[in-house]
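A quick write-up on the structure given underneath.
The values are calculated or read from the model by the stated rules, or taken from the named source; none is laboratory data. Bear in mind that the values here come from a model prediction, so they are computed numbers and not experimental data. Backbone-built Cβ (ideal geometry, glycine too); neighbour counts: all protein chains shown.
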Amino acid sequence: MKILRLATRKSALALWQSEHVAARLRAAHPGLEVQLVPMSTRGDQVLDRSLAAIGGKGLFLKELEVAMLAGAADAAVHSLKDVPMQLDAPFTLAAILERADPFDALVSNHYDSLSALPAGARVGTSALRRQAQLRACRPDLQLLDLRGNVNTRLARLDDGGFDAIILACAGLQRLGFSQRIRSRLIAPQWLPAVAQGAIAIESRADASAVIALLAGLDHRDSRRCVEAERAMNRALHGSCHVPVAAHATLSAAGLHLVGLVGDVATGKVIRAEADAAADQADALGQRVADALFAQGAGALLQAYVSE
């Protein structure tokens with residue numbers, strides 16, 4: 001191949017991630033021309049309702065997948081946390097790049113930590129897993145919906161609409177906003193979204209030449225970690241409709257995974273963790289999901305599925 005076309009969303013973060021992938025590909029394959037194909041998705045266009053209300057995070061992928069099927073793009077760059085747990089049959093995750101900071105950040109113009117927020121403080125986030133964990137540790141806070149790209153969310157904070165907001169560290173760091181991070185919300189006390197911080201490249205499963213070009217960008221250890229998290233989420237039938245969080249780490253001893261299911265209304269949080277060999281990501285995810293179900297996670301999840 002002489003030209004590779006990468007479909008991408010039009011947000012500043014999506015374009016940064018796609019340019020990063022393009023630079024990596026050009027360095028690995030001198031002479032390869034990499035073109036970006038920026039596209040708007042329904043997930044970007046509808047900002048006055050939660051993702052759960054308008055169909056889920058798959059809305060960030062659909063137009064990009066249509067472009068690949070139509071031959072208008074060869075691959076698509078995604079934040080892996082936005083990718084559904086089960087891809088449609090024609091597609092595959094050809095590469096998962098080395099994971100960046102997986103954790104969430106507290107962003108505020110006045111307060112340095114969650115504990116420093118006064119009672120009744122207004123905290124912006126639309127993510128159910130963040131809302132559930134906030135309710136568990138600070139039931140006295142006002143939780144307000146906040147959607148939009150990183151710049152939009154920061155602007156709404158700066159306009160005085162919130163006392164603090166919760167954003168992904170990786171997105172802030174990639175866009176040059178590291179200085180806005182007042183504190184990192186880290187495991188085991190706080191768990192991030194499944195696969196947060198990882199960039200994935202999707203392609204058609206039958207595009208062997210494209211997959212071969214992308215193979216060198218795949219980071220095995222990161223893939224193993226996010227596969228464990230995604231396996232847990234699949235077993236829980238999780239999505240943006242339910243408060244599920246997870247974090248996997250890999251060491252010489254193997255994989256370690258901790259998972260969480262929460263309830264926004266009550267602040268109840270159920271946690272489980274387990275270990276496995278490095279090549280047993282799927283089995284580990286299933287094991288942690290089973291442990292969560294054994295503690296009553298099914299009842300919590302059913303309440304959201306029924307809504």
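Taking the condition in contact with a strand residue (DSSP E or B) (Cβ under 8 Å, 6 or more places away or on another chain) and among the basic types (Lys, Arg), does ARG230 pass?
Working: in contact with a strand residue (DSSP E or B) (Cβ under 8 Å, 6 or more places away or on another chain): no; among the basic types (Lys, Arg): yes.
So ARG230 fails the test.
I'm told PHE177 meets every condition in (1) touching a helix residue (DSSP H, G or I) at 6+ places or on another chain (Cβ under 8 Å); (2) touching a residue at least 40 places away in the same chain (Cβ under 8 Å) except one. Can you identify the failing condition by its number?
PHE177 satisfies all of (1) touching a helix residue (DSSP H, G or I) at 6+ places or on another chain (Cβ under 8 Å); (2) touching a residue at least 40 places away in the same chain (Cβ under 8 Å) except (2).
Suppose the filter is crowded, with 17+ Cβ neighbours inside 10 Å, closer than 30 Å to LEU64 by Cβ and not charged (D, E, K, R); does GLY124 pass it? Write out each step before concluding.
Numbers: crowded, with 17+ Cβ neighbours inside 10 Å: yes; closer than 30 Å to LEU64 by Cβ: yes; not charged (D, E, K, R): yes.
In short, yes.
If a residue counts only when it is basic (Lys, Arg), which helices (runs of 4 or more DSSP H) contained entirely in the range 200-307 have at least 1 such residues?
Details: elements: 208-214, 220-235, 281-294, 297-305.
Fully inside the range 200-307 and qualifying: 220-235, 281-294.
Among the residues of the range 102-122, write down those that are touching a His at 6+ places or on another chain (Cβ under 9 Å) and without any contact (Cβ under 8 Å) to a residue 24 or more places away in the chain.
Correct list: ALA116 only.
Which numbered condition trips up THR249, out of (1) touching a His at 6+ places or on another chain (Cβ under 6 Å); (2) crowded, with 17+ Cβ neighbours inside 10 Å?
Tallying (1) touching a His at 6+ places or on another chain (Cβ under 6 Å); (2) crowded, with 17+ Cβ neighbours inside 10 Å, THR249 fails exactly one: (2).
Return the residues of the range 241-272 that are in contact with a Gly (Cβ under 6 Å, 6 or more places away or on another chain) and not small (Gly, Ala, Ser); say none if nothing qualifies. Don't jump to the end; show me each part of the working.
First pass over the range 241-272, keeping only residues in contact with a Gly (Cβ under 6 Å, 6 or more places away or on another chain): 243-244, 246, 269, 272.
Of everything in the range 241-272, those that are in contact with a Gly (Cβ under 6 Å, 6 or more places away or on another chain) and not small (Gly, Ala, Ser) turn out to be PRO243, VAL244, VAL269.
Anything in the range 170-193 that is polar (S, T, N, Q) and modelled with pLDDT under 95? List them, or say none. Step through it out loud before you land on a result.
Within the range 170-193, the first condition is being polar (S, T, N, Q), and the residues that meet it are 173, 178-179, 183, 189.
The answer is GLN189, and nothing else.
Residue by residue through the range 236-254, note down the ones that are over 16 Å from LYS81 (Cα atoms) and among the small types (Gly, Ala, Ser). I'd like the intermediate steps shown before the answer.
Step one: list which residues in the range 236-254 are over 16 Å from LYS81 (Cα atoms), which gives 249-254.
Within the range 236-254, SER251, ALA252, ALA253, GLY254 qualify.
Mind listing just one residue for me: the one in the range 94-146 that is more than 23 Å from the chain's Cα centre (by Cα) and among the acidic types (Asp, Glu) and, of those, nearest to HIS78 (Cα to Cα)? Show your work before the answer.
Step one: filter the range 94-146 for residues more than 23 Å from the chain's Cα centre (by Cα), giving 109-112, 115-122, 138-142.
Next, only the ones that are among the acidic types (Asp, Glu) stay: 112, 140.
Values: ASP112: 31, ASP140: 35 Å.
Result: ASP112.
Tell me which residues, restricted to the range 15-58, are at pLDDT below 75 and either of a type in the set (Phe, Trp, Tyr) or part of a helix (DSSP H, G or I) (or both). Show your work before the answer.
First, pick out the residues of the range 15-58 that are at pLDDT below 75: 42-58.
Result: ARG42, GLY43, ASP44, GLN45, LEU51, ALA52, ALA53, ILE54, LYS57, GLY58.
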